[in-house]
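Asks: My structure is below; once you've seen it, I'll send some questions.
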Amino acid sequence: MHSFHEFLTMGGYAAYVWPAYAVGLVIFVGSAWLSRRGLRKAMSRAARRAQEVGK
Amino acid sequence: MLKELLKRELLIAWRRPGEALTPVAFFLVTSMLFPLGLSPSAHLLRPLAPGIIWIVAFLAGMLGLQRLFRADYDDGTLEQLLLSPRPLTLIILVKAVGHWLVTGLPVVIGGGVVAAMLFVPPRYIVTVVAGLLLGTPVLTMLGTMVAALTVSLRQAAVLGPVLILPLVTPVLIFGAHSTTLAMQGQSPAQAFEALAAMFILSVSLLPAAAAVALRISHEG
Amino acid sequence: MFTWLHKLGSPPVLYRFAERAAPWCKWTAFALLAAGLVGGLILAPPDYQQGDGFRIIYIHVPSAIMSLFVFAYMAVASAVGLIWRLRMAHAVTAAAAPLGAAFTLLALITGSLWGKPMWGTFWVWDARLTSELILFFIYLGYMAVANAFPDQRTGDRAGAILALVGAIDVPIVHYSVQWWTTLHQGATLKLSGSNMPGSMLWPLLVMMVAFMFYFGWLLMIRLRAEILRREKRASWVMRLAAD
């Protein structure tokens, strides 16, 4: 890479390269968020059940 | 005993002709919609004919799917089959053969008729029929496996086609392609080899898979 | 080694393993992603034919490879679950499926974005793209079947059958560029070596490993959730949740 400008414009291919990386970011972050949320939900449900059983 | 099972399957189909004839009737009627709805021009229909024939054949096959195991499941015959000393794989193979004779073979023959209707040149109608002859059993075997998987589900009618579609797409592609190649003057050999490979694989492996699937979904 | 694997068949043991493995996978993944992105976006020189457009490769190829790897992994886990009747093997399959589907979707989208400048079209029905799209539907089919049954065990095993039958698509996607004339180019990497110059190749290898660890991280998380859901009545879960 010879300049920041080259980096941004990707030698003219920016319209394809950056959206590709953006979609990658969305999918990576999205799957991480959904997976962790799933775990949180499963844990809170388990905690609730443990409480109810404890009564 | 297997011969009797086959005879029983065919007899049931004979006694309920409406149920048995629905797929082939659907096939013929729906194929006719294309010249009516798209255009009666031979110029337009001829190149599309292979694709149309295979798509409608596949859809017709989907119609007949539930017949495979649902009736037996409902009336308890399925349990008897599962308890039978004969290998379940063979039983399923026989049921699939019976199913194909009733729903698949008429489509193979009907395919020749439809091909003529869609202006496929007479010398290529053999190609169409040969392709369907190899491909419809694969459709039946895949349908058998998916029907075995979903027999206990209420939403099987919706889930079944969704599950089959990705598995059946290669058959569709090679089947249609074989005729297209022939009509373009090229050799359809490669496409037929692929169809033959799929035929061999599905007939040898899928009955066992369906047997396992049937036991699984029946226990559930 | 098999005793260790056998121990992993026990839900609490597997749960604890997943809990401890997750941070390792996560940080390794992040480090490798950083290195790979720097290498691929900045350090690697532009391609003499495709200019900077080729840089999509650093997302596209790893996600395509993962889409195949995860399904093969699911097929093996399904076989293990069916043959040895291990509930936890089915839990792994179920946890992996959405991740594999995500990688497949990413491969299809990035491939499409790469195809437009390179081939002039966003999509073409050639053998590789079509079979990869079919793989995506097979992933969705698995998720639909595994969740369609009221009884978890039945759903698991029905899904396992579908995963085993659908696995035939994996070699089809892989070898499609060899068996048919496709618009999609042939293999970039082979066991015998690669045509790419080193400066372009190393970020690709790093990204491939990075994606693998990222998958590992999220698999560990999803697996924990699966285990909690499936084993919710077990006393060890109650004890764990009470804390």
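Asks: Could you size up the charge dipole of the protein assembly as shown around its Cα centre, putting +1 on the beta carbon of Lys and Arg and -1 on that of Asp and Glu, and report it in debye to the nearest 20? Please list the in-between numbers first.
Replies: Details: 40 positive and 22 negative charges, 349 e Å.
About 1680 debye.
Asks: Note down the net charge around B:ALA116, summing +1 for each Lys or Arg and -1 for each Asp or Glu among other residues with Cβ under 12 Å from its Cβ.
Replies: Every neighbour counted, the sum reads +2.
Asks: What distance in nm separates the two pseudo spin-label positions at A:ARG40 and A:GLU52, each 7 Å out from Cα along the beta-carbon direction?
Replies: Inter-label distance under the simple model: 2.2 nm.
Asks: What are the equivalent ellipsoid semi-axes of the range B:78-128, built from the alpha-carbon gyration tensor (square roots of five times its eigenvalues), in whole angstrom, biggest first?
Replies: Rounded to whole Å, the semi-axes are 38, 9, 5.
Asks: For a quick check, take a GNM of chain B with Cα springs below 10 Å and name the residue from B:HIS43, B:HIS99, B:HIS177 with the largest mean-square fluctuation.
Replies: So, out of B:HIS43, B:HIS99, B:HIS177, the one fluctuating most is B:HIS43.
Asks: Tell me which of C:LEU223, C:VAL145, C:PRO203 sits at the most positive position along the dipole axis of chain C, charges placed on C-beta atoms (Lys, Arg +1; Asp, Glu -1).
Replies: Final value for the positive-end residue is C:LEU223.
Asks: While we're looking at this one, here's another question. What per residue convex hull volume, in Å³, do the alpha-carbon atoms of chain C yield?
Replies: It is 142 Å³ per residue.
Asks: Another one. Please name which of B:ALA20, B:TYR73, B:SER84 has its Cα lying farthest along the dipole of the range B:1-141 towards the positive end, using unit charges on Cβ (Lys, Arg +1; Asp, Glu -1) and the Cα centre as origin.
Replies: Looking along the dipole axis, the top candidate is B:ALA20.
Asks: Please rank B:ASP72, C:ASP126, C:ASP52, C:ASP243, fewest neighbouring Cβ atoms within 10 Å first, as an exposure proxy. Working shown, then result.
Replies: Numbers: B:ASP72 19, C:ASP126 16, C:ASP52 22, C:ASP243 6.
Listing B:ASP72, C:ASP126, C:ASP52, C:ASP243 from fewest to most nearby Cβ atoms yields C:ASP243, C:ASP126, B:ASP72, C:ASP52.
Asks: Taking each pair of different alpha-carbon atoms in chain B once, compute 1/r for the pair, average those values, and report the inverse of that mean as the Kirkwood hydrodynamic radius in Å to one decimal.
Replies: 17.8
Asks: Among B:PRO106, B:PRO121, B:PRO137, determine the one that fluctuates most according to a GNM of chain B built with springs between C-alpha atoms less than 10 Å apart.
Replies: With Cα springs under 10 Å in chain B, the top fluctuation among B:PRO106, B:PRO121, B:PRO137 is at B:PRO121.
Asks: I need the Kirkwood Rh of the protein assembly as shown: take the reciprocal of the average 1/r across all distinct C-alpha pairs and report it in angstrom.
Replies: 25.4
Asks: What average count of beta carbons from other chains do you get within 10 Å of the Cβ of residues in C:50-59?
Replies: 6
Asks: Treat each spin label as a single point 7 Å out from the Cα along the C-beta direction, and report the C:HIS184 to B:ALA42 distance in nm.
Replies: 4.0
Asks: Can you tell me how the range C:14-122 classifies by the Cα gyration tensor, rounded, prolate or oblate, using a/c under 1.5 as the rounded cut? Walk me through the intermediate numbers first.
Replies: Details: a/c = 3.91, a/b = 1.79, b/c = 2.18.
Oblate shape, in that a/c is at least 1.5 and b/c is the bigger or equal ratio.
Asks: If R0 is 30 Å, what FRET efficiency do you get for C:TRP27 and C:TRP119 from their C-beta distance, rounded to 0.05?
Replies: Step by step, r from the Cβ atoms, then E = 0.20.
Asks: Oh, and also: Can you give the local net charge around C:MET200? Use residues other than it whose beta-carbon is closer than 14 angstrom to its beta-carbon, Lys and Arg +1, Asp and Glu -1.
Replies: Details: positive: C:ARG55; negative: C:ASP47, C:ASP52.
Residues close to C:MET200 contribute a combined charge of -1.
Asks: Could I ask something else about it? Let me know the Rg and Dmax you get for chain A when you use only its Cα atoms, in Å.
Replies: Radius of gyration, then largest Cα-Cα span, for chain A: 21.6, 68 Å.
Asks: Another question about this same structure. For chain C, which longest stretch is free of loop sites, where a loop site is one of the trypsin sites (Lys or Arg not before Pro) that DSSP puts outside H, G, I, E and B and that has at most 13 other Cβ atoms within 10 Å?
Replies: That gives C:86-232 as the longest site-free run.
Asks: Shielding of B:145-152 by partners, i.e. mean partner chain Cβ atoms within 10 Å per residue?
Replies: Whole-number average of other-chain Cβ neighbours for B:145-152 is 4.
Asks: Let me have the relative contact order for the range C:105-155, percent, based on Cα pairs under 8 Å that are six or more residues apart.
Replies: 22
Here, each number is a calculation from the coordinates, and none is a lab measurement. Not measured: the values here are computed from a predicted model. Positions of Cβ are backbone-derived with ideal geometry, glycine not excepted, and every protein chain shown enters the neighbour counts.
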